[in-house]
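Colleague: I have a structure I would like to understand better, so I am pasting it below and will then ask my questions one at a time.
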Amino acid sequence: MEIGSTLDILLRVFSACMLGFAVGLEREMTNKYAGLRTNILVCLGACLFTIISIYGFPTVVTDEHANGIRDTARVAAQVVTGIGFIGGGTVLRHGATVFGLTTAATLWMVASIGMACGAGLYTIAIISTIISIIILVSVRVFEKSMLIKSTKNTRRLSVNLTCPTESADDIYEMIIDKYPKLFEITKKIQKPDSERTKIIVVIEVVGRNPIESTYKVFNKIDGIESLSVQEFKE
């Protein structure tokens, strides 16, 4: 390979790393499973497969038993299929809710950006990266500000509170009336001779700042001595 072509290959590889970094940084800042390393490696891998597909195999077959033109895009075409296995690993299902579809779609997009870099199509790769980041950021802001009751704004929270045992039944019934679709609620006296009862409830809240708003609701209930609200994790 000549010096000029070597520099061109290195430029394609470097551009794939940088554009994969740009998309991965947005994913990392939003605490997604596929962050910087995953997006960079997917973009770089797609770029390398495309380069290998273009330069690694002869265009014309000169063998006496197999004359003709060889399809150099065959290896690169398999990237589209192969990335589906990685994307499928990021999709999680919890009950009726599915998580990770945006992350899987982002990896699919990053792979196409890497292929564009591998083919030397820098303009379309850069423009696609910018548009992808704009979509990931702006649409998320739009969903949170305008589509308040969207499932994207739904959070499952675990509320832990301690109250006097004499008030526990009233607070217990009050919570059930307030949240008729709660997922779990338990009531337990802390110690056999204790005058304190611990109540744990798992609820689903829709809206902006669900933890803060839930804390304010429970904090208004008389008799609660200690209170903690956090995102529910199984």
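Colleague: Looking only at the range 78-96, decide whether some residue is surrounded by fewer than 11 Cβ atoms within 10 Å (Cβ to Cβ) and at pLDDT 80 or above.
Modeller: Looking through the range 78-96, none of the residues is surrounded by fewer than 11 Cβ atoms within 10 Å (Cβ to Cβ) and at pLDDT 80 or above.
Colleague: Give me a count of the residues in the range 167-183 that are exposed (fewer than 11 other Cβ atoms within 10 Å of the Cβ) and either under 30 Å from Arg140 (Cα atoms) or in contact with a Ser or Thr (Cβ under 9 Å, 6 or more places away or on another chain) (or both). Give the derivation first.
Modeller: Of the range 167-183, the ones exposed (fewer than 11 other Cβ atoms within 10 Å of the Cβ) are 173, 177, 180-181.
When the remaining residues are screened for being either under 30 Å from Arg140 (Cα atoms) or in contact with a Ser or Thr (Cβ under 9 Å, 6 or more places away or on another chain) (or both), the result is 180-181.
Number of matching residues: 2.
Colleague: Let me ask you something else. Could you say whether any residue in the range 68-76 is at pLDDT below 85, surrounded by fewer than 14 Cβ atoms within 10 Å (Cβ to Cβ) and in a helix (DSSP H, G or I)? Steps first, answer last, please.
Modeller: We begin by selecting, within the range 68-76, every residue at pLDDT below 85; these are 68-76.
Filter again for surrounded by fewer than 14 Cβ atoms within 10 Å (Cβ to Cβ), leaving 68-71, 73-74.
Imposing the further condition that a residue be in a helix (DSSP H, G or I) reduces the set to 74.
Within the range 68-76, one or more residues are at pLDDT below 85, surrounded by fewer than 14 Cβ atoms within 10 Å (Cβ to Cβ) and in a helix (DSSP H, G or I).
The values are calculated or read from the model by the stated rules, or taken from the named source; none is laboratory data. From a predicted model like this one, the values you see are computed outputs, not experimental measurements. Positions of Cβ are generated from backbone atoms using ideal geometry, with glycine treated the same way; all protein chains shown enter the neighbour counts.
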